[in-house]
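Novice: Structure provided below as structure tokens; questions to follow.
The values are calculated or read from the model by the stated rules, or taken from the named source; none is laboratory data. Quick caveat, the model's predicted, so the values are computed rather than measured. Cβ placement follows ideal geometry from the backbone for every residue including glycine, while neighbour counts extend to all protein chains displayed.
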Amino acid sequence: MTKYEIFLYLRDLAKKYGPVYRTWIGNIAAVHITDAEYVQLILSNSTHIRKGYGYKFLLPWLGDGLLTSKGKKWHRHRKLLTPTFHFRILENFMDIFVDKSKFLVKLLDKKANGEPFNVFPYVTRCALDIICETAMGIQVNAMTHEKNEYVDAIYGVCENILHRVTRIWLHPDFIYYRTSRGKKTLQYLKVLHGTTNRVINERKHVLLQTNNQNKKLQNQFGTRERKAFLDLLIEASDGGTTLTHEQIREEVDTFMFEGHDTTTASICWTIFLLGLHPEIQDRVYNEVSQVLCEKSLELSDLSHLNYLERVIKESLRLYPSVGFITRFASEDIKIGTRIIPTGTSVGIHIFDVHRNEKYYPEPNKFDPDRFLPENTKNRHPYAYIPFSAGPRNCIGQKFALYEEKTVLSYIIRNYKIKSMQTIDTVHPINELIVRPSEGLLVSLVKRIT
Ligand code: HEM
């Protein structure tokens with residue numbers, strides 16, 4: 001089976017056997033859920049916050065970071081990290097979002113000749129530049145440099161994790177790390193951890209120096225003070241008593257993992273859908289043109305991009321970047337007349353929840369107005385969960401929305417987009433992230449601004 005066939009097969013299972021069904025992979029049983037009522041039972045319950053089986057493949061890279069940790073540790077870190085995503089902190093990242101978006105447009109200018117090309121790698125590199133600078137305060141110049149050891153290692157490790165997840169015989173460590181891919185993964189991890197460790201030490205040093213001089217932390221990129229997430233974590237670590245060096249690294253690595261592929265996929269699916277719906281694209285263009293005029297985008301502008309926000313939300317409904325998450329049943333869960341026994345892995349199929357006719361009439365239709373306040377007020381609160389929901393929801397959702405609105409505004413302001421694939425010829429696959437299997441072919445024509 002190809003990855004696309006597996007994707008279709010899972011959609012089929014949901015239709016045939018949903019809203020609750022069971023599968024076996026080898027001797028591992030899993031229960032799958034595709035309805036908001038049941039999703040709510042799991043996600044809103046703080047007893048079931050432990051992640052399911054598949055996350056173990058992320059542990060060698062992310063360790064016990066926020067995404068993968070459990071129990072008291074997760075609780076303490078979540079509390080500690082929540083203030084770092086306050087909108088006042090995110091405001092400082094607007095310059096980065098804008099600079100990188102402008103640079104992306106410069107690169108896309110070379111492609112804006114009406115010829116089809118795959119836009120996915122361009123957006124990926126832009127998102128990587130953004131996350132490296134916001135999370136670690138470093139510039140990796142993914143958009144300019146074709147070769148970068150850290151960027152290559154991120155690509156490599158993500159690809160190898162996906163490769164491993166889908167091959168059950170590679171799951172045991174003692175087999176995997178004897179294969180050439182397993183060995184290569186260890187090399188990538190050395191680069192990734194080596195870089196994060198080095199950057200943490202450098203930033204600690206800068207922080208110490210500036211404290212000694214009784215000055216505020218210097219920003220190495222401009223005159224205005226701007227702190228990366230890493231700086232905030234070092235400050236919150238209280239000299240290593242609250243967060244150790246290793247724990248800081250795990251959190252930064254987690255942001256690096258969660259914070260670039262997800263936004264890339266979402267931006268690309270939005271481009272795809274706009275390229276299929278010229279009338280919706282024109283409406284977004286008009287809104288963006290009014291807000292952007294001749295100036296750079298500022299945080300206060302984002303709240304005026306209401307239609308664009310509805311477009312992004314609807315695009316995340318149809319193609320949620322994270323299409324599937326799992327939880328470990330920490331105690332028996334009663335679902336209707338059935339019991340999910342303690343210890344079972346419970347899969348929540350965000351993709352299928354979002355396409356459930358019960359909540360979305362004509363579920364495959366792209367209609368941003370589904371997110372008008374009058375159309376959302378009676379909808380089940382767990383029928384729209386691209387960022388998950390409940391205590392373990394996505395901590396970075398505001399960051400993601402700010403980034404996406406900024407990057408998309410600059411793209412739409414500059415180009416007329418046409419999609420070369422259709423809903424039927426684009427093949428989504430679920431590789432931790434829902435992405436198009438053959439990339440995303442678009443043609444761009446420069447707008448006269
Ligand atoms: C469109 C973009 C994004 C989507 C769709 C998304 C989606 C999600 C989802 C579904 C989860 C729950 C995962 C699970 O239960 O296993 C999650 C968790 C998380 N996300 Fe995001 N995410 C996005 C962007 C980001 C960004 C930009 C960051 C950080 C800069 C981030 C950081 C995290 C972290 C740290 C967690 C774990 C939270 C916890 O368990 O307490 N995400 N995200």
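Novice: What is the number of the single condition among (1) free of Cβ contacts under 8 Å to residues at least 12 places away in the same chain; (2) more than 16 Å from the ligand (Cβ to nearest atom); (3) under 23 Å from the mean Cα position of the chain (by Cα) that residue 373 does not meet?
Specialist: (3)
Novice: Go through (1) basic (Lys, Arg); (2) crowded, with 19+ Cβ neighbours inside 10 Å; (3) modelled with pLDDT of 90 or more for residue 283 and report which single condition fails.
Specialist: That leaves (2) as the condition not met.
Novice: In region 356-399, which residues are closer than 28 Å to residue 286 by Cβ, among the hydrophobic types (A, V, I, L, M, F, W, C) and in contact with a Phe, Trp or Tyr (Cβ under 8 Å, 6 or more places away or on another chain)?
Specialist: 399
Novice: Do you know which residues across region 315-344 are near the ligand (Cβ under 10 Å from one of its atoms), in contact with a Ser or Thr (Cβ under 7 Å, 6 or more places away or on another chain) and closer than 20 Å to residue 18 by Cβ?
Specialist: If the condition is that a residue be near the ligand (Cβ under 10 Å from one of its atoms), in contact with a Ser or Thr (Cβ under 7 Å, 6 or more places away or on another chain) and closer than 20 Å to residue 18 by Cβ, then 322, 325, 326 are the ones that fit.
Novice: To continue, here is another question. Could you list, in sequence order, all residues of region 259-290 that are polar (S, T, N, Q) and either within 16 Å of the ligand (Cβ to nearest atom) or under 14 Å from residue 311 (Cα atoms) (or both)?
Specialist: 262, 263, 264, 266, 270, 281, 286
Novice: For region 65-76, check the following and say yes or no: at least one residue is of a type in the set (D, E, K, R), part of a helix (DSSP H, G or I), surrounded by fewer than 19 Cβ atoms within 10 Å (Cβ to Cβ) and touching an Asp or Glu at 6+ places or on another chain (Cβ under 8 Å).
Specialist: Yes.
Novice: Now, a different point. Take the conditions closer than 30 Å to residue 416 by Cβ, away from the ligand (no atom under 16 Å from the Cβ) and in a helix (DSSP H, G or I) and apply them to residue 310. Does it pass?
Specialist: So residue 310 fails the test.
Listed here are the residues, each with its yes/no results for (1) of a type in the set (A, V, I, L, M); (2) modelled with pLDDT under 85; (3) crowded, with 16+ Cβ neighbours inside 10 Å.
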site	(1), (2), (3)
85	no, no, yes
100	no, no, yes
109	no, no, no
122	no, no, yes
128	yes, no, yes
136	yes, no, yes
151	yes, yes, yes
160	no, no, yes
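Novice: I would also like to ask the following. Among the listed residues 337, 326, 342, which satisfies the condition of being over 30 Å from residue 274 (Cβ atoms) and within 20 Å of the chain's Cα centre (by Cα)?
Specialist: 326
Novice: Shifting gears a bit: What's the number of the condition residue 39 fails, among (1) within 21 Å of the chain's Cα centre (by Cα); (2) free of Cβ contacts under 8 Å to residues at least 60 places away in the same chain; (3) more than 30 Å from residue 186 (Cβ to Cβ)?
Specialist: Condition not satisfied by residue 39: (2).
Novice: While we're here: Within region 407-438, track down each residue that is in contact with a Pro (Cβ under 9 Å, 6 or more places away or on another chain) and under 23 Å from residue 387 (Cα atoms).
Specialist: 427, 428, 429, 434, 435, 436, 437, listed by residue number.
Novice: Only residues that are basic (Lys, Arg) and either surrounded by 16 or more Cβ atoms within 10 Å (Cβ to Cβ) or within 16 Å of residue 385 (Cα to Cα) (or both): list them for region 12-53, please.
Specialist: Correct list: 50, 51.
Novice: Hey, can you tell me all the residues within region 168-225 that are modelled with pLDDT of 75 or more, among the polar types (S, T, N, Q) and in a loop (DSSP other than H, G, I, E, B)?
Specialist: The one that is modelled with pLDDT of 75 or more, among the polar types (S, T, N, Q) and in a loop (DSSP other than H, G, I, E, B): 179.
Novice: Take residue 252 and decide whether it is assigned to a loop (DSSP other than H, G, I, E, B) and under 25 Å from residue 134 (Cβ atoms).
Specialist: no
Per-residue answers, yes or no, for (1) within 14 Å of the ligand (Cβ to nearest atom); (2) in a loop (DSSP other than H, G, I, E, B); (3) within 16 Å of the chain's Cα centre (by Cα):
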| position | (1), (2), (3) |
| --- | --- |
| 346 | yes, no, no |
| 358 | no, yes, no |
| 381 | no, yes, no |
| 391 | yes, no, no |
| 403 | yes, no, yes |
| 411 | no, no, no |
